[in-house]
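Enquirer: Pasting in a structure now, in structure tokens, and then I'll have a few things to ask.
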Amino acid sequence: MMHGFIKTVTAVPAISVGDIHSNAKSIIALIEKASALDAEIVLFPELCLTSSTCGDLLTQPHYIIECENALAGIAEATKDINTIAVIGTPVAYRNSTFNCAAVIHKGEISAIVPKNTLCNRGVTNESRRFASGTAVPTGSKVQIAGKDIPFEPKAIFSTPSCSFGIEIGSESESPIPTGAMLAVAGAEIILNPSNQNEEVGSTRLTRERMRQQSLRLKCGYLLSNSGWGESTSHAVYSGYSAIAECGSIIAESKRFIREGHITVSEIDVEKIRKERISDSAFAHHNGLPYIYINQEKSACTTLTRAIDPAPFIPSDKEKSARFDEIFMIQATALARRIEHTRSRSALIGISGGLDSTLALLVAVKAFDILGRPHSDIITVTMPGFGTSGRTYSNAMELMKSLGTTIKEVSIKDACIQHFKDIGHDIDSHDITYENSQARERTQILMDIANQQNGIVIGTGDMSELALGWATYNGDHMSMYGVNASVPKTLMQHIIRWAAGQSGNEDIADILLDIVGTPISPELTPTDEKGEIKQKTEDLVGPYELHDFFLYNFICNGYSPAKIYFLAKAAFNGTYDDETIKKWLKTFMWRFFTQQFKRSCMPDGPRTGCCSLDAQGWNMPSDTSPAMFARMCDEIENDKN
């Protein structure tokens, strides 16, 4: 698939216990269904060719021969299908029977993978019927339908699109799972054909194990579990299947479905490679054999998985806990810095906007941690030419409500004098006009901090740092930047959360009004009604787009073309293609040209997966943006 996506399918056939050839027909039908979707891989459950509950039939040689004949029949029936099928089946080898996964592609059985760690608990007693693959030497072959087939207990399957490995059923629960060895050896996707019976809470544990495995192994992970048709003599099989990627379940089936069914999603192999490239654990290959499958790359570019338009925002069920965690990271970091510097006070410039509001809330919490009064927080409002009545009022009310020491210093006269000193026309509202105000405010804060033996708390956020939307040595500078790794979209959510946690209706109302105020630096005069005229998102673009670009460029390492491809899916119906392309080009240009501001940014705590300080993003300030600008221009030719 384009842009590094591999379309994968988990398939759960409705089977008949012990009826090999009937089960083979059900399997073929689902392979054809997966092929119609342009899937590159389809995974079936453990022992689905026979059923996992057919008992001692699995010890009868003639029965195993029928399985091998049925496998050959499946291969023949799918010889014109490009999809790779992985099917659970018993296979005989040197007077023993093995619980195996057969890999079939275009009429050929590419390999047979025997299970290594057998399960002997609950309703399962595998060692009664099967031998362990651990005794099978590398390079072994088994004969099926007159052909010698590779018989490898641990092997990496390599295609032009990806590499994958197979761990069967309970192997995923071993102290050292087979999948871990396969992943370290290079498998980007782990396939688990399983026959776990359903018990209360078992699917929840399976789901969490999949999530953890895919996170720890930095891989895609497919699980397909036995379902309808298995014997219910001793247990029930729900047919649960799921697809995970790097710690997230991206698709899963319902349980207890009577018919055969499939689950479809795309695994982002490019993301997996990005995650692994800087992890030395994946640089030590353990010499497992590779089996190459010459599969044609799928031309399909249709995404079935959802693309999150707000990747920095946690899911609803996690929001409160995550926001509390982020907030405490910020507050604890600031408390430690204040303690270390033996500062008598903390200085914050309060504008009535999002950034300074969150910084103030963090400072209040930090002083609570230190057991110090809020009056030791000196909050300074510095109205200028563009300050609106709404932001001024919110700033004053918030400072009063939180019990800080309030100072008001107008910057108008100082800036007017400065304009005279440098010969600047006050009616020219250019970058000099704007930046002079920002630097004047920073000078005031720094000087009061000297007077009060305090430190200046930076308010700027990660979105502004990414775009360079800060005045160099103005709001760009502080003594500790508590918001430096908090993007603008996340900040809005945290402040809403803080409003709900405040326990004070007046404070909550102020915070919610601040969230609802247009984002602005307020550096140019207001309109005739005294309302904000200079709106940041009109100038640099919507922050929800820029935060999406930032996450996928920094955290995932995607190209502009792939970011555009994903943004079209994420913001379908919100922004048209040209708007996305326009602001993506703006993001790329500003991100590279403004690196010099990030190269000398103050210390600040890292709260999430992204950070733009030298520890999180290391790039020379004179890195050229030209290639990335060209890549944005070339997107016009990308029809996907």
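What follows is calculated from the coordinates using simple rules that are stated; it is not laboratory data. Since we're looking at a predicted model, the values are computed, not measured. Backbone-built Cβ (ideal geometry, glycine too); neighbour counts: all protein chains shown.
Enquirer: What percent of all Cα-Cα pairs in the chain falls in each 10 Å bin, counting up from 0?
Expert: 3, 15, 21, 19, 14, 12, 9, 5, 2, 0, 0
Enquirer: Go through region 493-501 residue by residue and turn each phi into a ³J(HN,Hα) via Karplus (6.51, -1.76, 1.60, θ = phi - 60°); whole Hz please, and just put x for glycine and proline.
Expert: Rounded to whole hertz, the list is 5, 5, 5, 4, 4, 4, 4, x, 8.
Enquirer: Restricting things to alpha carbons, tell me how big region 316-637 is in terms of Rg and Dmax, in Å.
Expert: Radius of gyration, then largest Cα-Cα span, for region 316-637: 19.6, 60 Å.
Enquirer: Here is a follow-up. What spacing in nm lies between the two simple spin-label points modelled at Asp413 and Cys609, each 7 Å away from Cα in the Cβ direction?
Expert: 5.2 nm
Enquirer: Please work out how much length the chain gains when fully extended from Thr623 to Ile422, using 0.36 nm per residue of separation minus the C-alpha to C-alpha distance, in nm with one decimal. Can you show the working numbers first?
Expert: Working: separation 201, 0.36 × 201 = 72.36 nm, distance 3.24 nm.
That pair, Thr623 and Ile422, stretches by 69.1 nm at full extension.
Enquirer: So, one more: In nm², what is the average projected area of the convex hull enclosing the Cα atoms of region 1-81? Before the final figure, lay out the partial values.
Expert: On the way: hull surface 22.5 nm².
If I average the Cα hull's projected area over directions, I get 5.6 nm².
Enquirer: Relative contact order for the chain: what percent, with Cα pairs under 8 Å and sequence separation of 6 or more?
Expert: 11 percent
Enquirer: On to the next question. Per residue of the chain, what 222 nm ellipticity follows from adding -39500 (n - 2.57) for every DSSP H run with n ≥ 4, rounded to the nearest 500? Write down the numbers at each step before the final one.
Expert: Numbers: 19 runs with 236 residues, N = 640.
For the chain, the value works out to -11500 deg cm²/dmol.
Enquirer: What nm value, rounded to one decimal, do you get for the distance between Ile277 and Asn82 when each label is placed 7 Å out toward the C-beta?
Expert: That separation, rounded to one decimal, is 2.6 nm.
Enquirer: Taking R0 as 41 Å, what's the FRET efficiency between Asn572 and Ser393 from their Cβ-Cβ distance, rounded to 0.05?
Expert: With R0 = 41 Å, the Cβ-Cβ based efficiency is 0.60.
Enquirer: Now a separate question. So which of Lys274/Lys597; Lys33/Lys581; Lys488/Lys582 end up more than 28 Å apart by C-alpha?
Expert: Working: Lys274/Lys597 26 Å; Lys33/Lys581 36 Å; Lys488/Lys582 20 Å.
Going by Cα-Cα distance, Lys33/Lys581 fall outside the 28 Å limit.
Enquirer: Per 5 Å bin, what percent of the C-alpha pairs of region 2-292 does each bin hold, from zero upward?
Expert: 1, 6, 14, 19, 21, 18, 13, 6, 2, 0, 0
Enquirer: Of the beta bridges DSSP finds with both residues in the chain, what % are antiparallel, to the nearest 5? Don't jump to the answer; show the numbers that get you there.
Expert: Details: 39 of 71 bridges.
In the chain, approximately 55 percent of DSSP beta bridges are antiparallel ones.
Enquirer: Taking R0 as 22 Å, what's the FRET efficiency between Arg255 and Ala29 from their Cβ-Cβ distance, rounded to 0.05? Could the numbers behind the result be given before it?
Expert: Numbers: r = 21 Å, r/R0 = 0.96.
It comes out at approximately 0.55.
Enquirer: Can you tell me the orientation of helix 20-36 relative to the chain, as the angle in degrees between its alpha-carbon axis and the longest Cα principal axis, to the nearest 10?
Expert: On a 0 to 90 degree scale, this one is about 30.
Enquirer: Here is a further query. So how do 64-74, 408-418 stack up, highest first, on mean other-Cβ count within 10 Å?
Expert: Values: 64-74: 19.7, 408-418: 14.7.
Put in order of decreasing packing, that is 64-74, 408-418.
Enquirer: At a threshold of 8 angstrom on Cα-Cα distance, excluding pairs fewer than six apart, so keeping six or more, what relative contact order does region 536-621 reach in percent?
Expert: 29 percent
Enquirer: Hey, another quick one. Relative to the present Cα-Cα distance, how much length would full extension add between Arg630 and Gln212 at 0.36 nm per residue of separation? Intermediate results must be reported in sequence, preceding the final value.
Expert: On the way: separation 418, 0.36 × 418 = 150.48 nm, distance 3.89 nm.
Difference between extended and current length: 146.6 nm.
Enquirer: Which one, Ile348, Thr138, Pro314, projects farthest toward the positive side of the charge dipole computed for the chain from Cβ point charges (K/R +1, D/E -1)?
Expert: Thr138
Enquirer: So who's got an amide H within less than 5 Å of the one on Thr97, skipping anything under 5 residues away but keeping other chains? H placed 1.01 Å off N, in plane.
Expert: The list, which skips near neighbours in sequence, is Ala131.
Enquirer: From Cα pairs below 8 angstrom and at least 6 apart in sequence, can you work out the relative contact order of region 285-375, rounded to a whole percent?
Expert: Details: 32 pairs, mean separation 20.4, N = 91.
That works out to 22 percent.
Enquirer: Placing +1 on the Cβ of each Lys and Arg and -1 on the Cβ of each Asp and Glu in the chain, which of Ile444, Ile15, Asn286 has its Cα farthest towards the positive end of the resulting dipole?
Expert: Asn286
Enquirer: Helix 389-402 versus the longest principal axis of the chain: what is the Cα-based angle in degrees, 0 to 90, to the nearest 10?
Expert: 80 degrees
Enquirer: Taking amide hydrogens as modeled 1.01 Å from N in the peptide plane, which residues meet the under 5 Å criterion relative to Ile189, leaving out close sequence neighbours?
Expert: Ser163, Phe164, Gly165, Gly220
Enquirer: Also: FRET efficiency for Glu528 and Ala310, Cβ-Cβ distance as r, R0 = 41 Å, nearest 0.05? Display every interim value, and only then the final one.
Expert: Values: r = 35 Å, r/R0 = 0.87.
So, using R0 = 41 Å, E works out to roughly 0.70.
Enquirer: Using a simple charge model, +1 on the beta-carbon of Lys and Arg, -1 on the beta-carbon of Asp and Glu, nothing else, what dipole does region 316-637 show about its Cα centre, in debye to the nearest 20? Write down the numbers at each step before the final one.
Expert: Values: 31 positive and 42 negative charges, 183 e Å.
Dipole about the Cα centre, nearest 20: 880 debye.
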